[in-house]
Structures are given as C-alpha cells and as structure tokens.
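Chemist: Have a look at this one.
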Protein chains: 2
Amino acid sequence: MVAQVRRFNRIVTQRVGALNDRYLSRDRPLGEARLLWEIGAEGRDLRSLRARLGLDSGYLSRLLRSLEEAGMVTIGPNQSDRRIRTARLTATGVAERAVLDRRSDDLAASLLAPLSPSQRTRLVGAMADVERLMTAAMVEVAAVDPADPRAQSCWHAYFSDLNRRFGTGFDPARSASVPEEEVRAPAGGSLRFRGAGRAEIKRMWVAESARGLGVGRRLLGELEAHAAGHGARSVRLDTNSALTEAISLYRSAGYSEVPPFNDEAYAQHWFEKPLSAPPGSRTARS
Amino acid sequence: MVAQVRRFNRIVTQRVGALNDRYLSRDRPLGEARLLWEIGAEGRDLRSLRARLGLDSGYLSRLLRSLEEAGMVTIGPNQSDRRIRTARLTATGVAERAVLDRRSDDLAASLLAPLSPSQRTRLVGAMADVERLMTAAMVEVAAVDPADPRAQSCWHAYFSDLNRRFGTGFDPARSASVPEEEVRAPAGGSLRFRGAGRAEIKRMWVAESARGLGVGRRLLGELEAHAAGHGARSVRLDTNSALTEAISLYRSAGYSEVPPFNDEAYAQHWFEKPLSAPPGSRTARS
DNA sequence: TCCATTCTCTGACCTTAGTCAGAGAATCGG
DNA sequence: CCGATTCTCTGACTAAGGTCAGAGAATGGA
C-alpha cells in the first residue's frame, strides 16, 4: 500500500503538479498568478489574502506592488477600518484572471481528451475518491478560538444546515448558547465542563463535503479524550431527531439514551457515555 | 467533469506535492535530494542525469559539486568514453539516500494512518486508477530513433515478454528483422512500407503497466494514419496465437484474417485491413 | 592527421520566493 | 486622551533554482 501511495505521489503530484504550475505561470510568476486568482472578482482584504496563501506581509506587499504596476489591481483602504487595505482587480486584472481560468480548464480538458468516455468517468470518479479521502486523512483536530474566521464560517454553515434540516427551522437565539469552542475548517464541536466530572458536547458538526469519511467519529473521539484529560468521567449531549446520522454515530460510539437533562428547545434525544480514565495524563499518541 | 479535474489538480497536486517536497528537502535543497535519488545505487552518467531531470549542464555540474563537497558522491570518467563522467554514491551518499527513502515511506504511511482499513483500501485503489488513467492520458505517440534508449528498453521488454508468453520461447534472430521504427516509453510499434500501396506493422507492443487502457488501440490508429499519410491503401500484420488480446484488438479494429503472406517463424495468424484515403494530406488534428 | 562534434565545467548573470526588523498610520480599551 | 495593539509597508538580506556563453578535453569521421 505504501508503495502505491509513493508511486501516486511521485507521478501525479510531480508530473501533473508541475504541468499545472507551468500552465498557470506562463507569463507571470506563479506567486502572482495565485494571488490574482485569490483576490477574486469582489476584491479582498490583504489580511485575508495573507491568511489564505500563507504569505509574509512584506512579501505580499511586494507582489501586490508588482501587480499594481502591471495595472492588474488597485489597492485602497477598507472603509470600516482604515488600517486594513483592500485589493481589487482592475478590468485588465479581471481579463488576466479569466485567461488563467481558461488555462486551468484547458489543462483539465486536455487530460480528459485522450480517454474514452468510460475511462473519463472512471478517472473523474477516482479523482473524487482520492480527493475526499485525502482531505479526510489530512484533517487535523485542533482547538480554535470561536472568533477565528474558520470557526465563524463553521458557525454559519452549521446554522444554515440545521435550519434546512429541522422541520421547524432553526434560530440560534432560541437554542442554548455556548461559551467555549473547538472548531476547525471542515468540522467542529464544542466542549463544556459542568463540574462533578461531567462534560457536555454542543454544536458538533461536520461539513457536508467531509461526511461519510469518519471525520465525525474522530472528532467525537478527540472531544472525549479532551474531556477525559480534564477529569470528566462522563460526557453528555443532546440532539435533534432529524439528525439521524449523528444519532447512529452516538449509539455506535457507546452513548446510551438518557432522560432529558436540559431544556434545549431543539433537542428530542439526550445521550450519555461514561469515560474511562485517560491512560496516564498526557500520553496520548499523535 | 472538468471542474472535478481542476479541483483535483489544485487540491491534491498542490497540497500533497508541497508536502512531498518539504518532506524530501528537510536538510538539503530539493534539487540535490532528487539528484541523490536519481543517481541510484549503481551510479549514473551525467548525460543521463541531465536527460532524466531536465537540468542545464552548468546547473547539474554545480549541484554535483555541492554533493561532492558534502561527501555524498564521487565523479569519475566513464571508461568507454572519457568525455562522459559518471556520478557514484559514496557510503555516506547511500545512507543519505536511504534516509530520503524512509521519509517517502513515512509520508505515505502518514497519509494512510488516519484512515480506517476500508478507507485505506479505497484510497489506494482510487490512487492506482488515477495513476493508470493519467498515464494513459499523457501517452504521446511519437516516432523515435531505434537507437534511442527509450526504444532500446522497449525492445528488451518486448522480447522478454514474448519469450515468456510463447510456448516455444522467442529468439529475435529467428524472427524477421525490422528496419524502421516508431516507439515510445510504454508502447511501440514499427511500420514498414512494401510498395504497391501496402504497409506492414511489426513489433507492436504495449508495456504491461499500460495495458487495458486503450493505448494499443491508439497506437494502432496512429500507425494506420501514418501509413495512410504515406499512400498505403492497406495494412497487414502477423501475430502469434498466444497473443490473444492483440488478436481481439485487431479484429475489433477492423482487421480480417488472411492467408499467410510471409514466413515469419513465430506467426500463426495474418491480418489485413483496408485503409481509407487520409482526409487531405496533412490535416490530421493534434 | 585535422576538423567538427560532443561533453563537462566555470564564471557571470538573473528571477523567484522568501525572511526579518523596524517605521508609521490607524484603531481599540480603559 | 494615552498606551498597547494591529496592520501594512520598506529596506536589507538570503537561498534556491536556473540560464548563457564560452573554454578545454576527448572523440569520431574523412
């Protein structure tokens, strides 16, 4: 298995990856091309560009200067906070971005072109599998401040998800609020300590694109381990009967249904699971 | 479909590719690491290194100098042609290469580690599919000199393949020899003109690793188009009855069995296919 | 034997992609 | 209003990766 993964890494990432980069950076350096892409039609604040592309602020500044000189972007202050500056594409920039877009399409199409229709279907399906499974494999569980933009986007996705699935809709204001959180890009959950060796899990959620890959189970396990590490001897949680996958996840993870322990407006099921003491205090393996 | 391919290109090649590179180039620049890898345990001529890695000769020279100073390689003249120099790994170099090897394994293993056994199986299967289909899609059909190393390696693989499959073994000397060739890495075939609007295909072969992907059909089509472009109005070929896939390929490509037209020692079947005139003379689309 | 070619190396350059330490403007919290 | 913090920019620097034009040694072909 490892040999197959290595072969894949070598062939696909090196060959196709290099092809990809060279395609994109025909006229301009790759860094600039990526930046042009990331600014998008709407424009974007520099800080968000830095976060997305992982660039040094000095470096970003220089890259933008060079795009500005080429007449591709303009940079102006943000109205609400004038320390922040916003980059916007000019008409030339938009056109250039469209060229990059078309090149990406062309490259993708040229990969498919030599194949028969059934091979194309197989390739695209296999690509989707690889992408999903790799994404799942690369998920790291980490605690994040609820004010973090990643956490924020989780909240939004989570609430709109609930709103869609609950027969009655979902209004965050009617639900119990949550003080401490643990969230990351495609999934999140929060843990709340309630004294007397009891912890409560709230707001656990996995993005639609990452479902069916065991991410929920991993997240649940991490939250339990975290709770156990802080002395909790049991975890409780409540959920809505519309969330059937969640309910079966809880059951299969060793939770058993208990009588209501709170008055959460949207809950129809309450679960509890005893925790075994953590092995030592901080010997969990990565 | 194109959208899925683009997403794959972006996410998988960029993310995993970058991870891969960073893993490999922990202590030394990526270029040196790749070079160390490519020299291999046996040593290798500089010209072949340049060809493999696509490096400028000056650049390669400098990279090697740096590895030489680090005590990883020695460079000496080739015995048969003293203009050519051969790079060889020292004991230190071999050890370093083993470290790189282990890192590659570790990276691959770490991608699999977070997944459940069934997910691993699915991921590895999907990777194999992507790899094979992409390889097939990137095959270019091109004429190559038979002295070219790629062609040479095809000959060897081809002959040992036949030797394995023919009940009687295969001795190239007993088979008709071939003067003009058209071959490339995972597949090859040669075309021979016999006057009177007739062409003959010999030595058509597809590497085992590329079979089942339509490469043979594409190659056959290209050879026919080439023949038609040179005025041939039919193509003939002979084959051995052990090569069942080849025979069914020929049949499905419109060849019909004809009486023996030569005395090839290893042939039991002879085929012919009429060609339609090429559309214009050189308007074939790429 | 001699001339053209092949192969490697050296020196002089260049771009890309970064990093780091401030400086200066704007904002926030009290 | 003041001091701390946040955000961007500038200048100074670095490493990696690469290109180009010869020079010099070895070889091949006439």
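The values are calculated or read from the model by the stated rules, or taken from the named source; none is laboratory data. The structure presented is a predicted model; accordingly, all values stated were derived computationally and were not measured. For neighbour counting, all protein chains shown are included, and Cβ atoms are generated from backbone atoms with ideal geometry for every residue, glycine included.
Chemist: Consider the range B:46-65. How many of its residues are of a type in the set (D, E, K, R) and surrounded by fewer than 15 Cβ atoms within 10 Å (Cβ to Cβ)?
Modeler: Adding up the residues that qualify gives 4.
Chemist: To continue, here is another question. Does the range B:225-239 hold any residues that are outside any strand (DSSP E or B) and either at pLDDT 90 or above or of a type in the set (A, V, I, L, M) (or both), and which are they?
Modeler: B:Ala225, B:Ala227, B:Ala228, B:Ala232
Chemist: Among B:Gly216, B:Gly188, which is modelled with pLDDT of 85 or more and within 16 Å of the chain's Cα centre (by Cα)?
Modeler: B:Gly216
Chemist: If A:Arg103 satisfies every condition in (1) surrounded by 13 or more Cβ atoms within 10 Å (Cβ to Cβ); (2) more than 16 Å from DNA strand D (Cβ to nearest atom); (3) without any contact (Cβ under 8 Å) to a residue 60 or more places away in the chain but one, which is the exception?
Modeler: Checking A:Arg103 against (1) surrounded by 13 or more Cβ atoms within 10 Å (Cβ to Cβ); (2) more than 16 Å from DNA strand D (Cβ to nearest atom); (3) without any contact (Cβ under 8 Å) to a residue 60 or more places away in the chain, the one that fails is (3).
Chemist: Here is a follow-up. Name the single residue that is farthest from B:Arg217 (Cα to Cα) among those in the range B:252-275 being surrounded by fewer than 17 Cβ atoms within 10 Å (Cβ to Cβ) and aliphatic (A, V, I, L, M).
Modeler: Ranking the candidates gives B:Ala265 first.
Chemist: Name every residue in the range B:42-86 that is closer than 18 Å to B:Arg28 by Cα, of a type in the set (A, V, I, L, M, F, W, C) and touching a strand residue (DSSP E or B) at 6+ places or on another chain (Cβ under 7 Å), in order of residue number.
Modeler: Within the range B:42-86, B:Leu64, B:Leu67, B:Met72, B:Val73 meet the criteria.
Chemist: Also: Which residues, counting only those in the range B:48-82, are under 17 Å from B:Thr92 (Cα atoms) and either polar (S, T, N, Q) or not assigned by TED's automatic domain parsing to the domain that holds B:Leu100 (or both)?
Modeler: Residues satisfying the conditions are B:Ser66, B:Thr74.
Chemist: Also: With the requirement that a residue be polar (S, T, N, Q) and within 13 Å of DNA strand C (Cβ to nearest atom), what does the range A:42-65 give you?
Modeler: Of everything in the range A:42-65, those that are polar (S, T, N, Q) and within 13 Å of DNA strand C (Cβ to nearest atom) turn out to be A:Ser57, A:Ser61.
Chemist: On the basis of being surrounded by 12 or more Cβ atoms within 10 Å (Cβ to Cβ) and at pLDDT 85 or above, does B:Leu249 make the cut?
Modeler: Against the criterion (surrounded by 12 or more Cβ atoms within 10 Å (Cβ to Cβ) and at pLDDT 85 or above), B:Leu249 qualifies.
Chemist: Please list, ordered by first then second residue, the pairs with beta carbon atoms under 7 Å, 6 or more apart or interchain, first in the range A:199-212 and in contact (Cβ under 8 Å) with a residue 60 or more places away in the chain, second among the hydroxyl-bearing types (Ser, Thr, Tyr).
Modeler: A:Ala210/A:Thr135
Chemist: Report those helices (runs of 4 or more DSSP H) wholly inside the range A:16-80 carrying at least 3 residues which are within 14 Å of another protein chain (Cβ to nearest Cβ) and under 14 Å from A:Arg103 (Cα atoms).
Modeler: In the range A:16-80, A:17-24, A:30-39 are the helices (runs of 4 or more DSSP H) which contain 3 or more residues that are within 14 Å of another protein chain (Cβ to nearest Cβ) and under 14 Å from A:Arg103 (Cα atoms).
Chemist: Output the number of residues of the range A:47-78 satisfying the condition of being touching an Asp or Glu at 6+ places or on another chain (Cβ under 8 Å), among the hydrophobic types (A, V, I, L, M, F, W, C) and within 11 Å of DNA strand D (Cβ to nearest atom).
Modeler: 3
Chemist: Within the range B:66-88, does at least one residue satisfy the condition of being under 21 Å from A:Arg7 (Cα atoms), among the aliphatic types (A, V, I, L, M) and within 16 Å of DNA strand C (Cβ to nearest atom)?
Modeler: No, the range B:66-88 contains no residue that is under 21 Å from A:Arg7 (Cα atoms), among the aliphatic types (A, V, I, L, M) and within 16 Å of DNA strand C (Cβ to nearest atom).
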